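Quick note: the coordinates plus some simple rules give every number you see, no bench work behind them. Because the structure is a prediction, the values reported are computed rather than measured. Backbone-built Cβ (ideal geometry, glycine too); neighbour counts: all protein chains shown.
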Amino acid sequence: MFRISQFMHELAQAEATGVYPAPARRTGKSPGSATQPLGPVVIWNLIRRCNLTCKHCYAFSADHDYPGELSTQQVFDVLDDLQAFNVRALILSGGEPLLRPDLFEIAARAKAMGFYIGLSTNGTLIDEPLAQRVHAAGFDYVGISLDGIGATHDKFRRLEGAFDRSLAAVRHLQKLGTKVGLRFTMTELNAFDLPNLLNLMRDEQVDKFYFSHLNYAGRGNIHRGKDAHHLATREALDLLYQTAWDDARSGGQHEYVTGNNDADGAYLLQWVRQHLPRWADDVQQRLVAWGGNASGVHVANIDNVGDVHPDTMWWHHTLGNVKARPFSEIWMDLSDPLMAGLKTRPRQVHGRCGGCQYLAICGGNTRVRAQQVTGDAWAEDPGCYLSDEEIGVAPGDARVVTTAYRGRKVIELVPSDS
Ligand code: SF4
């Protein structure tokens with residue numbers, strides 16, 4: 001995840017004081033033990049069943065039960081292991097996590113153990129009574145997906161009235177004081193609605209906006225031919241950066257974050273060079289410390305049956321199962337070549353990513369897109385929207401472009417910067 005607002009707040013502070021602020025620490029003490037590195041943020045798909053069948057669902061979820069899901073006790077056992085491994089943050093997801101009958105029992109236990117708990121939901125089931133239960137469970141954050149206004153969202157979510165129900169959920173939770181964020185995944189079919197969603201966020205006084213680039217997993221891979229054009233992506237990021245900057249410099253506390261495209265860090269550096277060049281070196285240092293793509297390092301995934309993946313987009317690559325082996329062991333096992341490669345810095349990527357001047361910032365971006373389009377997890381990421389000139393490689397070499405999904409991996413090369 002790329003936290004735009006964190007950088008914008010630092011920049012606002014630098015502008016106000018004349019000094020760029022010191023970095024936040026990333027290590028911590030596990031309860032009752034010596035200092036050790038923080039464990040990854042764990043995105044945990046507790047259930048695969050969903051009341052919707054969204055077009056970009058990475059889990060291919062549908063409205064039926066899936067066999068082999070973790071029992072309540074198995075979830076509790078994993079929580080113990082995660083706590084001992086110094087994992088601090090859990091994002092409980094699905095499918096639709098609110099369909100899991102023991103969700104509130106799991107949330108209560110995780111909360112009592114000291115975890116930060118987020119809930120990732122489509123929001124359509126959250127009426128007033130359910131909002132009260134979510135609020136009472138003490139979720140630190142609830143992310144609700146909105147992929148456009150009205151019919152645009154309904155079309156994505158394949159449910160008429162989904163937008164109204166999700167917006168009602170936002171309002172119910174806001175009224176109770178639960179921190180809420182809007183989650184937007186952009187494709188060429190809904191890019192036009194980004195300004196409207198940002199306005200909605202302002203009007204509804206929502207705390208957070210999560211902008212997700214399309215990743216090529218599950219139905220998102222099937223529909224990758226509808227991914228946003230690079231120019232539309234740049235325009236979206238320009239708008240997000242300006243919105244976040246306006247908020248930060250006026251003392252606002254809204255959060256703007258992005259996911260699934262770590263070139264956003266490099267693009268922010270270019271924005272700073274253009275708008276606030278005095279702080280470009282400081283921002284560059286901070287971006288390098290951030291390091292870009294965190295799959296397999298700072299972010300992890302456990303799916304509904306207990307399989308562990310480098311992140312939620314790697315469900316087609318399993319590292320082990322928590323029923324057979326603790327997560328902490330699976331996560332540190334480098335015998336899996338993909339995991340070893342993800343944990344290597346710098347990552348041994350090739351194509352234009354290998355020669356890119358921003359590799360230390362971006363980390364080579366999203367390896368899933370590279371693998372789904374080319375068959376090679378270390379090829380260039382076709383989702384990179386920066387030009388050859390910007391990344392500092394000679395123009396003219398062919399580059400990988402995203403092709404429509406045809407049930408097999410297809411590589412298509414086009415002249416660079418076309
Ligand atoms: S070329 Fe690759 S490494 Fe460079 S910014 Fe783009 S995705 Fe990141």
**OP:** At 7 Å along the Cα-to-beta-carbon direction for both Leu125 and Arg249, put a label point, then send me their distance in nm to one decimal.
**Re:** 4.5 nm
**OP:** Mind giving me the nanometre distance, one decimal, between the label points for Asp164 and His64, set 7 Å out from Cα along Cα→Cβ?
**Re:** 3.0 nm
**OP:** Work out the FRET efficiency for Glu329 and Asp140 from their Cβ-Cβ distance, taking R0 = 45 Å, and round it to the nearest 0.05.
**Re:** 0.95
**OP:** May I ask for the net charge around Leu173, where only other residues with Cβ less than 14 Å from the Cβ of Leu173 are counted and Lys, Arg are +1 while Asp, Glu are -1?
**Re:** +2
**OP:** Could you list Tyr267, Tyr385 in order of exposure, starting from the residue whose Cβ has the fewest other Cβ atoms within 10 Å?
**Re:** Tyr385, Tyr267
Original post:
For segment 2-335, what is the per residue volume of the convex hull drawn over the alpha-carbon atoms, in cubic angstrom?
Top reply: 141 Å³
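By count of other Cβ within 10 Å, fewest leading, how are Arg183, Arg202 ordered? Each step should come with its number before you reach the end.
Working: Arg183 21, Arg202 14.
By the 10 Å Cβ count, ascending, the order reads Arg202, Arg183.
For segment 145-292, give the share of DSSP beta bridges that are antiparallel, in percent and rounded to the nearest 5; count only bridges with both residues there. Display every interim value, and only then the final one.
Values: 1 of 13 bridges.
Restricted to segment 145-292, the bridges split so that about 10 percent are antiparallel.
Test of the criteria: in segment 123-214, which GluC sites (Glu not before Pro) are in a DSSP loop and have at most 12 other Cβ atoms within 10 angstrom of their Cβ?
Of the GluC sites (Glu not before Pro), the ones in loops of segment 123-214 whose Cβ has at most 12 other Cβ atoms within 10 Å are Glu160.
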**OP:** Quickly work out the Met1-to-Arg345 label distance, labels modelled 7 Å from Cα along the C-beta direction, and quote it in nm with one decimal.
**Re:** 2.0 nm
Subject >> Cα-based convex hull, segment 178-332, per residue volume (Å³, whole number) >> reply: 144 Å³
Subject >> Neighbour-count order for Ser145, Ser250, Ser71, fewest beta carbons within 10 angstrom listed first >> reply: Ser250, Ser71, Ser145
Original post:
Ordered by residue, what ³J(HN,Hα) values in Hz, to whole numbers, does segment 233-245 give under the Karplus form 6.51 cos²θ - 1.76 cosθ + 1.60, where θ = phi - 60° and Gly and Pro are x?
Top reply: 5, 4, 5, 5, 5, 4, 5, 5, 5, 5, 5, 5, 5
Subject >> trypsin sites (Lys or Arg not before Pro) within segment 85-165, DSSP loop, no more than 15 other Cβ atoms inside 10 Å >> reply: Arg158
**OP:** May I ask you to compute the full-extension gain from Thr53 to Glu188, defined as 0.36 nm times their residue separation minus their alpha-carbon distance, rounded to one decimal in nm?
**Re:** 46.7 nm
**OP:** Return the loop-located chymotrypsin sites (Phe, Trp or Tyr not before Pro) in segment 158-201 (DSSP other than H, G, I, E, B) with at most 15 other Cβ atoms within 10 Å of their own Cβ; answer none if there are none.
**Re:** none
**OP:** Mind checking which of Ala137, Ala169, Gly363 is farthest towards the positive end of the chain's charge dipole, using Cβ charges of +1 (Lys, Arg) and -1 (Asp, Glu) about the Cα centre?
**Re:** Ala137
Original post:
Using r as the Cβ-Cβ distance of Arg273 and Arg202, and R0 as 30 Å, what FRET efficiency do you calculate, to the nearest 0.05?
Top reply: 0.60
Original post:
Can you give the FRET efficiency for His317 and Leu176, using 1/(1 + (r/R0)^6), R0 = 41 Å, r = Cβ-Cβ distance, to the nearest 0.05?
Top reply: 0.55
